[in-house]
1. Of the residues that sit in the stretch 117-132 and are surrounded by fewer than 18 Cβ atoms within 10 Å (Cβ to Cβ) and under 12 Å from the mean Cα position of the chain (by Cα), which one is nearest to residue 88 (Cα to Cα)?
2. Name the single residue, out of those in the stretch 59-103 being open to solvent by 80 Å² or more (accessible area, probe 1.4 Å) and without any contact (Cβ under 8 Å) to a residue 12 or more places away in the chain, that is farthest from residue 21 (Cα to Cα).
3. Residue check, residue 114 against (1) more than 18 Å from residue 47 (Cα to Cα); (2) open to solvent by 60 Å² or more (accessible area, probe 1.4 Å), all met but one. Which one?
Amino acid sequence: MSEQSLLMARLATLEAEAAIRRLVSDYLHLCENLTSDEVAQEVGRLFTADAQWLGTGPLYAATLGSHCGRQAITAMMAGYACDPPHFVINVHFLTAEFISVLSADSAAGRWKMCQLAALSDNSASAKAAELFINFRREEGRWLISHFSTRNLFSRPLDYLHAPLA
């Protein structure tokens, strides 16, 4: 392989990784703002038509379940867009990123995620999870083809906002 070909392959890998980071960021941003069916539809458009979304492990398998296909994933997300909103505050932080571009049209990644949330029932929680996500490039666009989340810990919080000292 020529030096130019190697450079082009490396550039394609870097561009794929950057696009995947933006896709995951868009997904979490939309999840933090699930206020309407339109937002749920936007989330759904980030997935392939045959995608799977899975809660795994003892807690998330029971509470989040398994959703197969873009329509089922969109419907699950729409369930959080209620009045009053399910989430009053919902923030995600990602770390320990690993992205592997497997081919021009296939990639996989894993992250550790921290979620801080306040719910409309006045409860609040801090959660950590591990995300495993597979991606497929379709029509020049990276999409999520398989998403799984496994709870690492969940802790209730007495309050999310501390009074000013």
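1. Checked the stretch 117-132; the qualifying residue nearest to residue 88 (Cα to Cα) is 130.
2. 83
3. For residue 114, the exception is condition (2).
Residue-by-condition table, conditions (1) in contact with a strand residue (DSSP E or B) (Cβ under 6 Å, 6 or more places away or on another chain); (2) modelled with pLDDT of 95 or more; (3) of a type outside the set (Ser, Thr, Tyr):
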| residue | (1), (2), (3) |
| --- | --- |
| 13 | yes, yes, no |
| 19 | yes, yes, yes |
| 25 | no, yes, no |
| 38 | no, yes, yes |
| 46 | yes, yes, yes |
| 54 | yes, yes, yes |
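The values are calculated or read from the model by the stated rules, or taken from the named source; none is laboratory data. Source: prediction; values computed, not measured. Note that we place each Cβ from the backbone using ideal geometry, even for glycine, and neighbour counts take in every protein chain shown. Heads up: the accessible areas ignore ligands, DNA and RNA and are worked out on the full protein's heavy atoms, side chains in. Shrake-Rupley method; radii C 1.70, N 1.55, O 1.52, S 1.80 Å.
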